[in-house]
Amino acid sequence: MAKRKKAKAPRRAPKKAKAKAGKRAAPARAAARKIAAKAKRRPAPKVAKRKIAKKRAAPKPAPVVETVIVDTVEEPVPGVVVVTEYEGIVQRATPAED
């Protein structure tokens, strides 16, 4: 009689590789790494733009105010004198040359 063939073994899932624990960094290297990480996170300081000083304009001269008083003397009838006084205010932006 012929020999019987052996049955194949059932398929098994491949074994998962165990995670290896990472090497612990030396304290000095760890501190340096933290400092470097902080430096990367901090944004660069923004340079302030210089403000250009505005040129001051010469102050405008104050308006000139003149008070003009006019006296009118009338004699409508001989012996009767009428005096009328008018007061006017003249305002100019710039002083006039007299």
Q. Considering the Cα trace of the chain, what is its radius of gyration and what is Dmax, both in angstroms?
A. 53.7, 178
Q | On Cα atoms only, tilt of 27-41 relative to the major axis of the chain in degrees | A | 40 degrees
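Contour minus end-to-end for ALA93 and ALA32, with contour as 0.36 nm per residue of separation and end-to-end as the Cα-Cα distance?
Working: separation 61, 0.36 × 61 = 21.96 nm, distance 7.33 nm.
My answer for the length gained is 14.6 nm.
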Q: Using just the helices of the chain, give the 222 nm mean residue ellipticity in deg cm²/dmol: DSSP H runs with n ≥ 4 each add -39,500 (n - 2.57), and the total is spread over all residues, rounded to 500.
A: -5000 deg cm²/dmol
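Each value in this text was obtained by applying a stated rule to the coordinates, not by laboratory testing. Bear in mind that the values here come from a model prediction, so they are computed numbers and not experimental data.
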